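First comes the structure, then the notes that go with it.
The values are calculated or read from the model by the stated rules, or taken from the named source; none is laboratory data. Worth saying up front: this structure is predicted, and the values here are computed from it rather than measured. Cβ sites come from the backbone with ideal geometry, for glycine too, and all protein chains shown count toward neighbours. To get the accessible areas, we keep the full protein, side chains included, count just its heavy atoms, and leave off ligands, DNA and RNA. Shrake-Rupley method; radii C 1.70, N 1.55, O 1.52, S 1.80 Å.
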Amino acid sequence: QVQLVESGGGLVQAGGSLRLSCAASGRTFSSYTVGWFRQAPGKEREFVASISMSGGSTYYSDSVQDRFTVSRDNAKNTVYLQMNSLKPEDTAVYYCAAALVVGVTGFSNPDFIDIWGQGTQVTVSS
């Protein structure tokens with residue numbers, strides 16, 4: 001019922017910022033825990049950040065804590081990832097994701113994800 005389309009990726013120098021957006025179709029968006037994963041070349045897809053249905057709770061991987069902020073606007077069916085103080089190791093394809101019945105912590109397990117976006121490339125140069 002929900003389709004996710006990411007945008008906002010690109011090339012940025014280390015220390016810079018980017019904001020990713022994920023536009024969702026469907027009228028059940030607010031029923032999902034949503035968030036972001038990323039996958040660097042040759043590496044497994046890893047959890048980045050998640051946000052609860054109402055936006056009241058968030059959860060981050062240790063590698064992005066205090067640098068990234070996930071938010072959602074249910075009226076716009078959109079989830080965002082504000083990325084600050086970017087590092088070269090943040091370079092990856094970033095995927096928006098949604099899980100129907102899981103909290104922000106359980107969301108970090110990719111096996112529990114119900115819907116994936118197509119991904120957007122983020123490249124951080126040193």
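Assorted remarks:
- Tallying residues that are open to solvent by less than 50 Å² (accessible area, probe 1.4 Å) and part of a strand (DSSP E or B) within segment 30-47 yields 7.
- Hey, ARG27 of a type in the set (Lys, Arg), exposed (fewer than 14 other Cβ atoms within 10 Å of the Cβ) and more than 15 Å from GLY119 (Cβ to Cβ) or not: yes
- Test for SER50: is it under 19 Å from VAL104 (Cβ atoms), touching a residue at least 24 places away in the same chain (Cβ under 8 Å) and part of a loop (DSSP other than H, G, I, E, B): no
- Top-ranked residue in segment 99-115 [being part of a loop (DSSP other than H, G, I, E, B) and in contact (Cβ under 8 Å) with a residue 12 or more places away in the chain; ranked as farthest from GLN3 (Cα to Cα)]: THR105
- Qualifying residues in segment 53-108 (those that are open to solvent by 60 Å² or more (accessible area, probe 1.4 Å) and basic (Lys, Arg)) - the one farthest from ARG19 (Cα to Cα): LYS76
- Residue in segment 80-98 that is modelled with pLDDT under 95, assigned to a loop (DSSP other than H, G, I, E, B), of a type outside the set (Lys, Arg) and in contact with a strand residue (DSSP E or B) (Cβ under 8 Å, 6 or more places away or on another chain) present: no
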